[in-house]
Amino acid sequence: MTIFALGSGAAADSAPDASGLDRRMFMRGAGGLTFAVAIGLPALAAEARRVDLGPWVTLSTDGTITIRGPATEMGQGSRTSLPLIFAEEMDADWSKVRIVRAAPIDAVYGNPGFGGVMYTAGSSAVTGYYKALRQFGAQVRLVLLDNVARRWNVPASELTTEASTVVHAASGRRIGYGEIAAFAEMPAKAPEVRDADLKDPKTFRLIGKDVMRVELPTKVNGTADYAINVAFPGLLHGAVLRTPVPGDGPAAIDDSAAKAVRGFIRTVPLPYGVGVLADSTVAALAAKDALKVTWTRKAKGWGFDSEKGLEEFAAAARDPARPSKPWETAGGGAAALAACASVHEAEYRCDFAYHAQMEPLNAVASVAADGSACELWVGTQSQTMAVTAAATTLGIGPDKVTFHEHLLGGGFGRRGPRDMEFVVDAVLLSQAVKQPVKMVWSREDDIRNGRFHPLTAHHMKAGFDAAGQLVAWHHRKAADVVTEFQDPVRYQKAGQKDFIGMLGAELKTYGIPNRQVDQITMDSGMRTQALRGIGFGPNKWAVEVFIDELAILRGADPLAFRLDLLKGSPRAHAVVDKAGRMADWSRKREGRGLGVAYIDYSGTQIAGVVEVSVDRASGQIKLHDVWIALDCGVTVQPDNIVAQTEGCVVYGIGLALSERITMVDGEVQQSNFYDYLIPRMRDVPAIHVELIATPNHPTGVGQMATPVIAPAISNAVAALTGKRLRHMPMTPDRVLETMKA
Amino acid sequence: MSIAFRVNGRDVSVESEPDARLLWVLREQLQLTGTRYGCGTGLCGACMVHVDGDRAFSCQTSLHEVAGRSVTTIEGLSPDSSHPVQKAWLAESVPQCGYCQSGQIMSAADLLAKTPNPTRDQIVEHMSTNLCRCGTYPRIVRAIERAAKEA
Ligand code: FES
Ligand code: FES
């Protein structure tokens with residue numbers, strides 16, 4: 001297998017071309033042809049003439065094909081899989097492909113499936129770019145064919161391609177893409193790509209075949225380029241002590257002890273905290289820890305206690321008089337409950353949880369002495385949001401920000417808030433000191449300043465008709481509005497819908513005719529953020545445990561009960577059935593319980609079965625096996641999908657069993673991995689993943705299995721013990737309490 | 001004060017406080033950034049190196065403790081990623097975000113140096129010092145088993 005090195009750096013490799021290209025034109029680059037094939041992006045039509053239009057691909061006369069990758073890389077593989085989709089339709093020889101980072105220009109590189117933003121989130125990279133990248137690749141191939149047709153004076157229809165080669169079967173002639181680059185003329189107008197010009201998926205050479213991720217070699221020899229590794233002469237080190245509660249700032253700063261730290265340079269008061277600069281990371285963090293700051297205490301969150309808060313949330317969810325916002329309504333909605341022969345209700349809860357990406361947040365910024373320009377080195381889930389945050393902070397245009405994209409040491413949603421507060425930290429410190437600054441959060445900062453998966457309470461009601469059919473469903477969820485905090489821009493665009501918090505509460509595939517999902521919006525004043533699994537985490541926790549309880553109430557097998565509800569959704573039915581067969585569902589195990597959960601996650605169909613035992617003395621749940629069946633349509637990189645799913649399962653185990661953030665007086669109580677427990681190798685069972693490849697449009701895989709785990713565990717514990725766990729995480733003390741009850 | 005030791009076969013002398021942590025000396029004074037900061041408290045293993053052939057949390061190791069000793073970091077494990085553990089890591093596509101992986105590889109190399117054919121339980125026991133938030137544990141086990149076979 002060929003190993004590819006990354007390009008030498010985003011700036012050099014992806015500097016956008018500013019020669020005023022029309023979007024339907026191509027240009028001749030230095031070493032060959034550059035195709036500016038940006039046709040088809042919805043955002044382009046209006047904006048193309050106002051922005052520098054960067055190319056997707058450059059073909060060199062030596063045959064090298066340079067493809068721009070628009071997604072950032074945090075281990076999910078999109079840096080490789082998106083260019084691979086392009087290369088497939090271009091019919092490129094993958095060993096000749098070089099992948100470089102795309103410049104931060106939404107109008108050219110924005111995700112068509114994600115509002116046209118360069119935003120690697122929501123497991124949306126492959127699903128959002130798939131169609132556009134296929135078209136762009138096909139377009140390049142057509143241009144190459146046309147050129148050869150003219151050169152050889154044969155009809156283009158007689159030409160075919162093989163890997164990086166155009167073939168004329170009738171005359172036996174062949175010519176490599178690199179050779180074509182030497183003479184090709186660009187058409188004034190790019191060719192239209194019809195569906196018939198796209199490859200028949202049966203002929204795919206790259207999609208569906210595993211290739212090595214391009215950055216992988218740098219991840220086994222220490223050279224992977226995380227922003228935290230950036231170093232150059234003159235770089236100062238910064239740290240920030242931030243108000244525990246958002247919306248406040250320092251009232252009084254005592255930095256006398258900080259000044260005594262060896263290497264301390266200066267203190268920088270900030271609107272929301274206090275920065276320190278020093279000559280090393282260690283000195284900066286020590287000086288920050290030595291600060292004594294009193295806070296203005298004006299903001300809402302002071303006084304918030306997460307345990308008491310959750311009781312209030314639960315009371316609000318329970319109280320039908322509490323006003324709510326509708327999320328999903330189908331059939332007669334909740335009113336249909338009145339006509340039911342029997343109605344059941346239950347309540348579920350989730351605590352705050354923390355991302356715990358292994359690379360603590362950090363950023364490097366170099367602001368020009370006069371504040372007129374800025375250079376950034378960042379690992380972020382959105383290149384353009386990072387650039388915008390820096391530009392807004394400095395009051396300069398985004399074009400004055402030079403952006404260096406880095407690998408992310410984990411994202412899971414944390415590196416994607418609209419305000420990019422960790423980037424702003426670095427920008428403000430550099431601006432104050434007029435020197436480049438590397439700003440690093442300690443692990444303790446990363447937890448203390450965390451933006452959490454929200455606290456939620458769910459009140460569920462379901463009704464059966466006289467024939468025993470589940471016909472009515474009402475889900476009332478009380479929680480903070482995540483989208484408004486994380487991304488006010490998208491919140492407004494979405495008509496003030498809290499899609500980050502609420503997604504997953506809707507039930508598209510279960511055949512329940514009357515449904516209503518309402519959100520009761522709470523305001524704890526705490527910071528919230530999408531976390532792997534986003535709304536599906538808490539929402540499917542409530543849905544899938546409740547479904548299980550209903551099955552048991554009806555005396556039905558929980559797996560058969562789901563299969564019956566999924567009769568009208570063949571792909572959903574297939575994954576549940578598959579997971580059951582993988583687990584040998586009907587075989588009884590001594591001292592072990594099996595639990596199942598199923599999710600339609602933005603089109604990806606996924607089901608999981610877990611096998612557990614419970615140590616009744618300690619309350620510890622032990623996992624023995626996890627079986628996952630997943631259908632995400634076309635499997636672009638199958639082994640990577642399996643790897644992502646394994647990772648999702650491990651992440652889901654932590655959220656299910658041990659991860660819990662608490663707040664007292666608005667302050668986070670946890671501080672490092674001794675009191676915020678994420679799974680270690682010894683906590684992880686055997687994980688079995690099977691993909692059901694279907695010809696459907698590919699959908700996401702980066703977080704889909706995570707929300708399956710917690711409900712499946714609760715369901716397995718119920719199968720084993722008859723006791724029901726309804727509060728996540730299912731910590732040993734909660735298990736013991738439930739067993740006693 | 002100045003403390004002399006070996007890093008990746010090279011003699012170095014570092015000006016620092018004797019209680020400075022090896023992690024930060026490696027990262028910021030010797031520019032060996034393959035050794036990572038994850039927690040600073042001996043809980044994650046991202047900072048794992050070898051000191052005289054034994055694995056050590058570099059965030060918990062004071063500079064004076066390595067005076068006159070030999071430190072190996074991920075950069076020195078092999079000159080060309082040819083260590084059996086590194087090869088197995090690529091063959092099994094272990095890394096996801098990759099941030100923890102230097103530490104994982106250094107822990108795994110330490111295990112195999114002492115226990116060339118570890119049982120699954122020995123692997124799990126030894127490797128549970130190292131956190132991986134991306135959840136690459138199943139592949140780490142497979143890669144260690146492969147490295148043991150192919151070494
Ligand atoms: S940084 Fe040393 S154990 Fe985490
Ligand atoms: S690969 Fe990301 S933390 Fe291990």
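By the Kirkwood approach, averaging reciprocal distances over each pair of separate Cα atoms, chain B gets a hydrodynamic radius of 15.4 Å.
For chain A, excluding the exposed loop sites themselves (GluC sites (Glu not before Pro), DSSP loop, at most 16 other Cβ atoms within 10 Å), the longest remaining stretch covers A:193-589. Since only A:VAL220, A:ILE599, A:TYR109 are under comparison, the one whose Cα sits farthest along the positive direction of the charge dipole of chain A, derived from C-beta charges on Lys, Arg, Asp and Glu, is A:ILE599.
With R₀ fixed at 35 Å, the C-beta to C-beta distance from B:ASP54 to A:MET212 puts the FRET efficiency at about 0.65.
Based on protein heavy atoms only, the stretch B:2-77 ends up with 37 Å² per residue of surface accessible to a 1.4 Å probe.
Averaging Cα coordinates gives a centre for the stretch A:62-132 and one for the stretch A:318-339; these two points are 42 Å apart.
Among the trypsin sites (Lys or Arg not before Pro) in the stretch A:396-460, those placed in a DSSP loop whose Cβ has at most 16 other Cβ atoms within 10 Å are A:LYS434. The contact residues of the stretch B:105-130, meaning those that lose at least 10 Å² of 1.4 Å-probe accessible area when all protein chains sit together rather than their chain alone, are B:ILE105, B:VAL124, B:GLU125, B:MET127, B:SER128.
Here the Karplus curve 6.51 cos²θ - 1.76 cosθ + 1.60, taken at θ = phi - 60°, turns the phi angles of the stretch A:339-347 into couplings of 8, 7, 6, 8, 10, 10, 9, 7, 10 Hz, with x standing for Gly and Pro.
A DSSP coil position with no more than 16 other Cβ atoms inside 10 Å describes the following trypsin sites (Lys or Arg not before Pro) in the stretch A:221-262: A:ARG262. Counting every C-alpha pair in chain A, the share spaced more than 35 angstrom apart comes to 49%. Accessible surface buried by the A/B pair amounts to about 4100 Å², both sides summed, 1.4 Å probe. Tell me, what % of the accessible area of chain B is carbon and sulfur with a 1.4 angstrom probe? The nonpolar share, carbon plus sulfur, comes to 47 percent. Applying a DSSP loop filter and a limit of 16 other Cβ atoms within 10 Å to the chymotrypsin sites (Phe, Trp or Tyr not before Pro) in the stretch A:561-669 leaves nothing. For the pairs A:LYS96/A:LYS199; A:LYS259/A:LYS400; B:LYS114/B:LYS149; A:LYS461/A:LYS578; A:LYS219/A:LYS540; A:LYS461/A:LYS723, flag any whose C-alpha to C-alpha distance is greater than 24 Å. Those over the limit are A:LYS259/A:LYS400; A:LYS461/A:LYS578; A:LYS219/A:LYS540. Counting only protein heavy atoms and a probe of 1.4 Å, the accessible surface of chain A is 52% carbon and sulfur. For A:PHE403, the amide hydrogen comes within under 5 Å of the amide hydrogens of A:LEU376, counting only partners 5 or more places away or on other chains and with H modelled in the peptide plane.
Per residue, how many Å² of accessible area does chain A show with a 1.4 Å probe? With all protein chains present, chain A gives 34 Å² per residue.
Within 13 Å, Cβ to Cβ, of A:GLY410, how many net charges do the neighbouring residues add up to if Lys/Arg are +1 and Asp/Glu are -1? Charge balance near A:GLY410 sits at +4. Per the Kirkwood formula on distinct C-alpha pairs, the Rh of the stretch B:84-150 is how many angstrom? Every distinct Cα pair counted, the radius reaches 11.4 Å. With both partners inside chain B, how many of the DSSP beta bridges are antiparallel, as a percent to the nearest 5? Beta bridges within chain B, antiparallel portion: roughly 85 percent. Here's the picture: charge each Lys and Arg Cβ at +1 and each Asp and Glu Cβ at -1 in the stretch B:1-119, and of B:GLY76, B:THR61, B:SER2 the one pushed furthest to the positive end of that dipole is B:GLY76. Ranking A:VAL167, A:ASN449, A:GLN519 by how far each Cα lies toward the positive end of the dipole of the protein assembly as shown (charges on Cβ) leaves A:VAL167 at the top.
Each residue of the stretch A:214-225 was assigned a 3J(HN,Hα) from its phi angle through the Karplus curve 6.51 cos²θ - 1.76 cosθ + 1.60 (θ = phi - 60°); the sequence is 4, 8, 4, x, 6, 9, 10, 10, x, 8, 3, 9 Hz, with glycine and proline shown as x. The antiparallel fraction among DSSP beta bridges confined to chain A stands at about 75%. The helix-only estimate of mean residue ellipticity at 222 nm for chain A, built from DSSP H runs of length n ≥ 4 each weighted as -39500 (n - 2.57), is -9000 deg cm²/dmol after division by the residue total.
Think of each Lys and Arg Cβ as +1 and each Asp and Glu Cβ as -1; about the Cα centre, that makes the dipole of chain A roughly 320 debye.
Compared with the direct C-alpha span, the chain from A:LYS300 to A:ASP399 gains 32.0 nm at full extension, assuming 0.36 nm per residue.
Going from the chain on its own to the full set of protein chains, the stretch B:25-64 has these residues losing 20 Å² or more of accessible surface (heavy atoms, 1.4 Å probe, no ligands, DNA or RNA): B:ARG27, B:GLU28, B:THR33, B:ARG36, B:TYR37, B:GLY38, B:CYS39, B:THR41, B:LEU43.
For chain B, the 222 nm mean residue ellipticity estimated from helices alone, with every DSSP H stretch of n ≥ 4 adding -39500 (n - 2.57) and the total spread over all residues, rounds to -9000 deg cm²/dmol. Computed over neighbours whose Cβ is under 11 Å from that of A:LEU736, the net charge equals +1, Lys and Arg +1, Asp and Glu -1.
Within the stretch A:288-308, what residues put their amide N at less than 14 Å from the label point 7 Å along the Cα-to-Cβ vector of A:GLN669? Within reach of a label on A:GLN669: A:304-308.
For A:LYS434, the aspartates and glutamates whose Cα falls under 17 Å of its own Cα, not counting residues fewer than eight places away in the same chain, are A:ASP279, A:ASP370, A:GLU375, A:ASP425.
The values are calculated or read from the model by the stated rules, or taken from the named source; none is laboratory data. In this text, all values refer to a predicted model and were calculated from it rather than measured experimentally. Positions of Cβ are backbone-derived with ideal geometry, glycine not excepted, and every protein chain shown enters the neighbour counts. These accessible areas exclude ligands, DNA and RNA; they are computed on the full protein's heavy atoms, side chains included. Shrake-Rupley method; radii C 1.70, N 1.55, O 1.52, S 1.80 Å.
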